[in-house]
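Here is the structure we will look at, set down as structure tokens.
Just so you know, all these numbers are worked out from the coordinates, no wet-lab data involved. Values in this document were obtained by computation on a predicted structure and should not be read as measured data. No Cβ is skipped: glycine too gets one built from the backbone with ideal geometry, and neighbour counts run over all protein chains shown.
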Amino acid sequence: MMRGMDKQRKAVLAVIATAALASAAGVFAQGTGDTSGHDPGAGGATGEAVYREVCQACHMPAGEGGSGAAAIPALAKNAKLADADWMVSTIVKGRGGMPTFNGMLSPEQIASVATYVRGHFGNAYSPPITVDDVKRLTPESEE
């Protein structure tokens, strides 16, 4: 019975993430090209915008995470984010109940949001994540 509950929780999280992505479709109509987490200019989505539209639904506005149907890890003051490859791999491939965002977000958007999260919510990790970092960690069969 517990296994069925885990699958159900994962399905709920996937639905929430998909709904957030669908509502953000207008924000992501164009690639960002921004890997700094700063406003790239008109028409582009910043790391902050990607976070607000996609990640915030589960990880909360201040990155504090939460619990309920499932435990959502806090991104605020998260030492795991010091490892840029771990962060990018988590977004690209998913982890635990978090779905993969590879194919849903562009490499530019993944780099931008990862850089944003690593520099906000009490985190001060650098250097910025680049599109090349994302591509290096994206499985070839899924590019």
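For residues in segment 114-128 being among the hydrophobic types (A, V, I, L, M, F, W, C) and not in a loop (DSSP other than H, G, I, E, B), which is nearest to Ala76 (Cα to Cα)? Spell out how you get there, then give the answer.
Within segment 114-128, the first condition is being among the hydrophobic types (A, V, I, L, M, F, W, C), and the residues that meet it are 114, 117, 121, 124.
In the following step, the residues that additionally are not in a loop (DSSP other than H, G, I, E, B) were identified as 114, 117.
On the way: Ala114: 13, Val117: 8 Å.
Checked segment 114-128; the qualifying residue nearest to Ala76 (Cα to Cα) is Val117.
I want to confirm something. Restricting to segment 111-139 and keeping residues that are out of contact with any strand residue (DSSP E or B) (no Cβ under 8 Å at 6 or more places or on another chain) and aliphatic (A, V, I, L, M), which single residue is farthest from Gly47 (Cα to Cα)? Lay out the reasoning, then the answer.
Our first condition is that a residue be out of contact with any strand residue (DSSP E or B) (no Cβ under 8 Å at 6 or more places or on another chain); within segment 111-139, this holds for 111-112, 114-137.
In the following step, the residues that additionally are aliphatic (A, V, I, L, M) were identified as 111, 114, 117, 124, 129, 131, 134, 137.
Numbers: Ala111: 8, Ala114: 7, Val117: 8, Ala124: 15, Ile129: 11, Val131: 13, Val134: 14, Leu137: 19 Å.
Filtering segment 111-139 for residues that are out of contact with any strand residue (DSSP E or B) (no Cβ under 8 Å at 6 or more places or on another chain) and aliphatic (A, V, I, L, M), the one farthest from Gly47 (Cα to Cα) comes out as Leu137.
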- line: A careful count of residues in segment 80-112 that are under 14 Å from Leu137 (Cα atoms) and assigned to a helix (DSSP H, G or I) gives 14
- prompt: Mind checking which residues of segment 63-99 are surrounded by 13 or more Cβ atoms within 10 Å (Cβ to Cβ), of a type in the set (S, T, N, Q) and over 20 Å from Thr130 (Cβ atoms)?
  reply: Asn78
statement: Only one of (1) over 14 Å from the mean Cα position of the chain (by Cα); (2) assigned to a loop (DSSP other than H, G, I, E, B); (3) surrounded by fewer than 19 Cβ atoms within 10 Å (Cβ to Cβ); (4) not acidic (Asp, Glu) does not apply to Lys135, and that is (2)
